[in-house]
1. Placing +1 on the Cβ of each Lys and Arg and -1 on the Cβ of each Asp and Glu in segment 272-338, which of Val318, Val331, His277 has its Cα farthest towards the positive end of the resulting dipole?
2. Lysines within cross-link reach of Lys194: Cα-Cα under 17 Å, excluding same-chain residues under 8 positions apart?
3. Taking 0.36 nm per residue of separation and subtracting the Cα-Cα distance, what length does fully extending Arg196 through Ser542 add?
4. Counting Lys and Arg as +1 and Asp and Glu as -1, what is the net charge of the other residues whose Cβ lies under 15 Å from the Cβ of Pro171?
5. What are the trypsin sites (Lys or Arg not before Pro) within segment 453-539 that DSSP puts in a loop, where the Cβ has at most 12 other Cβ atoms within 10 Å?
6. What does the net charge come to around Leu28 if you take all other residues with beta carbon closer than 14 Å to its beta carbon, with K and R at +1 and D and E at -1?
7. Taking square-rooted eigenvalues a ≥ b ≥ c of the alpha carbon gyration tensor, is segment 591-675 rounded, prolate or oblate, where a/c under 1.5 means rounded and, failing that, a/b exceeding b/c means prolate?
8. Excluding same-chain pairs closer than 8 in sequence, count the lysine pairs in segment 518-625 whose Cα atoms lie under 30 Å apart.
Amino acid sequence: MNASGGARDRARWLRGEIEAHNRAYYELDAPTVSDAAFDALFRELRELEAAHPGLMTPDSPTQRVGGKPLEQFAPVAHAVPMLSIQTETEHDASGAQHFDARVRRELSLADDLADVAYAAELKFDGLAVSLRFEHGLFTQGATRGDGVTGEDVTQNLKTIRDIPLRLAGMPPPLLEVRGEVYMCRDALAHYNEKARARGEKPLVNPRNGAAGSIRQLDPSIAASRPLRFFAYGIGAVEGWSLPATHSELLDALAAFGLPVCAHRIVARGWRELADFHDLIGKERPRIPFDIDGVVYKVDSLALQNSLGFRSREPRWAVAHKYPAEEARTVVMAIDVQVGRTGALTPVAKLQPVFVGGVTVSNATLHNEEEVRRKDVRVGDTVIVRRAGDVIPEVVATVAELRPMKSAEGDFLDRVPCHPPFELPVTCPQCGSHVVREEGGIVARCSGGLVCPAQARGALLHFASRRAMDIEGLGDKLVDQLIASGQVKTPADLYALTSSMLASLERMGEKSAENLIHSIKKSCDTSLARFIFALGIRNVGESTAKELARCFGSLSALQNASAAALEEIPDVGPVVAKSIVDFFAETHNREEIARLVEAGVRWEEHEGVASAATGRFAGKTFVLTGTLPSLKREDAKELIEAAGGKVSGSVSKKTSYVIAGEEAGSKLDRARELGIAILDEAGLLQLLRGDDS
Ligand code: IVH
């Protein structure tokens with residue numbers, strides 16, 4: 001065997017290998033070699049083909065990578081025009097019924113004649129293209145254009161692995177395949193994640209992604225996008241005797257190695273069409289790509305012929321749509337909702353819009369980071385999506401439609417009318433501080449005990465068996481108590497009287513008394529139960545027991561620094577931060593004081609963890625002037641509770657001076673000595689241990 005024979009064999013072997021690995025990777029989603037090994041095979045083939053141009057084949061996998069960017073797309077005249085399709089306006093069964101009635105009328109079928117057979121398939125929401133195969137070889141691909149003339153996008157289409165460069169079996173001398181380029185939602189999300197990491201603009205949705213990619217002059221862009229293809233019909237054909245039906249035609253295309261979607265049936269009569277429409281409608285959220293309806297086609301090609309066309313639409317096909325999952329509307333405001341666990345969610349208040357089958361006036365923006373990333377602002381025109389039962393969300397803003405105004409002092413400089421969104425620093429429901437979790441992404445209200453948004457959860461948890469064990473206080477009763485306004489926080493429970501309870505619906509005298517009794521009984525508890533009952537985030541029953549054992553008293557726990565907390569086995573930085581945040585919140589401390597005042601008590605003991613590790617241990621404070629919200633005694637208590645000392649005069653030993661309105665000589669003295677001066681907010685920040 002001579003050298004070029006060896007090279008030819010090697011090239012053939014390499015192509016076979018590369019294609020097999022490609023199939024494993026793209027179709028079976030089960031890679032068989034590492035990326036590096038695959039790249040090595042690919043590189044070897046490309047080098048071999050470059051060295052021996054005679055070895056190049058048009059269906060070689062190296063041909064998918066695409067050539068140089070084009071100047072412009074060449075026009076392609078469609079030998080058989082690419083038609084559009086009529087749409088039934090009704091979203092219910094009548095859509096199928098109307099189409100079937102029209103077909104029967106046009107075919108002059110009497111009512112008692114057999115049902116017409118239809119091919120029912122999905123209406124893919126992508127971009128229509130036509131693929132030309134000559135003697136099985138993919139030679140040209142075009143967009144639909146105006147239906148008569150499209151654009152030559154062969155380079156881009158060759159990058160799509162679903163499209164065979166050579167058909168399998170015994171393809172005819174000429175076959176034009178019509179179908180849709182689309183993207184799977186998951187693949188798009190994955191692509192967008194990587195695009196964002198590279199600092200590129202993400203794709204708005206699969207359809208725009210598919211259409212936009214195919215219309216790029218540089219084929220390397222299409223190659224980088226997760227494009228897919230489904231065949232759903234044919235154009236010009238030569239030298240092939242067509243099967244008798246559309247469904248068999250699709251079977252034949254599949255046998256040529258073309259991807260044909262499996263979600264298709266042959267249906268008889270309109271009822272089976274309507275059932276298909278229903279079934280696919282239910283499946284829609286689970287179908288990995290977007291569809292905007294189903295398509296019905298008269299199955300018999302002979303009947304299709306006799307039905308013919310009306311202007312640019314065939315009489316033998318119809319699209320039966322679903323309510324659109326995406327729509328445009330305007331953001332009127334951005335509200336912040338507090339969930340049952342205290343998580344803050346920005347929500348766009350929208351000009352009501354019909355999407356996904358319902359009128360939507362609120363859409364979630366998930367979290368602050370998402371709002372920033374999408375840069376959604378009041379006044380923006382946005383794309384809203386509601387798919388299946390999923391909560392409506394804002395997908396993207398339409399940048400061109402953002403309201404702008406002249407910049408101050410320079411009327412030619414246009415700036416957005418509204419600033420970027422920012423989450424509030426205090427809870428809109430209860431005014432407690434907002435704290436950050438999970439790398440700063442989740443913002444949460446720290447007023448777990450006092451926040452009305454969290455009241456239901458907090459009360460149920462407080463009363464639960466392993467917490468304060470208030471027998472008979474279940475979710476229905478908690479709802480009633482909240483609704484009646486009698487109970488807002490756990491301490492309110494201890495102020496309930498049987499006559500107050502008697503006013504509640506379905507509350508007999510006996511059960512009212514029983515409840516009062518079990519509330520009273522819960523007063524005698526243990527420190528561990530009480531700590532658990534507070535519902536501190538990330539503090540479960542066993543952590544609560546550990547905390548009670550190690551600190552021995554509630555005040556020792558309240559004053560513990562994050563560092564001291566982390567000494568406890570089981571307590572890491574996240575749990576420690578939750579505890580510190582909880583006790584730093586004045587509202588929570590006040591609620592605890594109310595509970596103690598109401599008679600809740602437990603045994604305390606000398607802790608094994610040291611209270612001297614309190615946040616303010618060894619620090620001396622001087623208070624001067626009037627603070628905006630804290631009384632002098634409150635501030636003193638807070639400082640002392642954190643292990644600090646409060647002194648009456650400023651000296652070199654003073655660590656901080658806390659100054660309010662009308663602070664006098666002490667403030668001057670502090671300035672002289674260069675001592676740190678804080679206002680009330682600064683003190684609270686220091687207490688929370690957030691030094692920023
Ligand atoms: S058949 C004879 N089948 O819908 C009608 N079209 O207006 C020719 N489409 O953008 C089209 N899924 O790309 C047909 N299963 C399907 C389809 C489908 C989506 C698109 C097509 C074109 C529009 C037709």
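1. Val318
2. Straight-distance partners of Lys194: Lys374.
3. 120.4 nm
4. On the way: positive: Arg132, Arg166; negative: Asp59, Glu134, Glu176, Glu238, Asp251.
Charge balance in the 15 Å sphere: -3.
5. Details: sites: Arg456, Arg465, Arg466, Lys476, Lys488, Arg506, Lys510, Lys520, Lys521, Arg529, Arg537; in loops: Arg465, Arg466, Lys488, Arg506, Arg537.
In loop regions of segment 453-539 (DSSP not H, G, I, E or B), the sparsely surrounded trypsin sites (Lys or Arg not before Pro) are Arg465, Arg506.
6. Details: positive: Arg23, Arg161; negative: Glu19, Glu27, Asp29, Asp162.
Every neighbour counted, the sum reads -2.
7. Numbers: a/c = 4.32, a/b = 1.67, b/c = 2.58.
Oblate is the answer for segment 591-675, as a/c is 1.5 or above yet b/c matches or exceeds a/b.
8. Working: Lys520/Lys545; Lys521/Lys545; Lys545/Lys577; Lys577/Lys619.
Within segment 518-625, the lysine pair count is 4.
Just so you know, all these numbers are worked out from the coordinates, no wet-lab data involved. This is a predicted model, so every value here is computed, not measured. For neighbour counting, all protein chains shown are included, and Cβ atoms are generated from backbone atoms with ideal geometry for every residue, glycine included.
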